[in-house]
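One structure below.
The values are calculated or read from the model by the stated rules, or taken from the named source; none is laboratory data. The structure presented is a predicted model; accordingly, all values stated were derived computationally and were not measured. Counting neighbours? That spans all protein chains shown, and the Cβs are built from the backbone with ideal geometry, glycine included.
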Amino acid sequence: MARFKQDIVQIDSGSTASEGSNTDGMLLSAIVFPSAMTGTTITIQWASSPGGWKDVKETDGTAVSYTVSTDDVVRVDPSGWAFASTGFLRVVSGSTEAAARKITLLYRES
């Protein structure tokens, strides 16, 4: 049976980036947004350890981004996240958040 994990990361008020979420060898499969967000899109950053964050890009060089859907779950294709099954991910809002926002990252075993 596949293992699942949920991790809640917070973007502090007046900030755009969350703290890092340890993937624990699993693949990102969904993002659950809070009932309010200032930013309308998010991007993702990766690091092998907290710090030294790198923007996650598509093969064409564009940023991997997701449209914020408040109080909803956004499905993520886990096959595209195999590279990040080790290390840390963090969420970056497209706008400075007006209040602290808690975002849930859902992971699953590959």
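I'd like the full set of residues that are under 14 Å from THR43 (Cα atoms) and within 13 Å of the chain's Cα centre (by Cα), limited to the range 64-87.
Hits for the range 64-87 are VAL64, SER65, TYR66, THR67, VAL68, VAL74, VAL76, TRP81.
Go through the range 66-103 and give me each residue that's within 18 Å of GLY20 (Cα to Cα), at pLDDT below 95 and exposed (fewer than 14 other Cβ atoms within 10 Å of the Cβ).
Hits for the range 66-103 are ALA82, PHE83, THR86.
Can you tell me which residue among GLY25, GLY14 is surrounded by fewer than 16 Cβ atoms within 10 Å (Cβ to Cβ), within 21 Å of ASP77 (Cβ to Cβ) and out of contact with any Lys or Arg (no Cβ under 8 Å at 6 or more places or on another chain)?
None of the other options fit; the residue is GLY25.
Can you give me the ranges of the strands (runs of 3 or more DSSP E) entirely in the range 1-72 with at least 2 residues that are in contact (Cβ under 8 Å) with a residue 12 or more places away in the chain and farther than 23 Å from SER110 by Cα?
So the answer is 4-11, 41-47.
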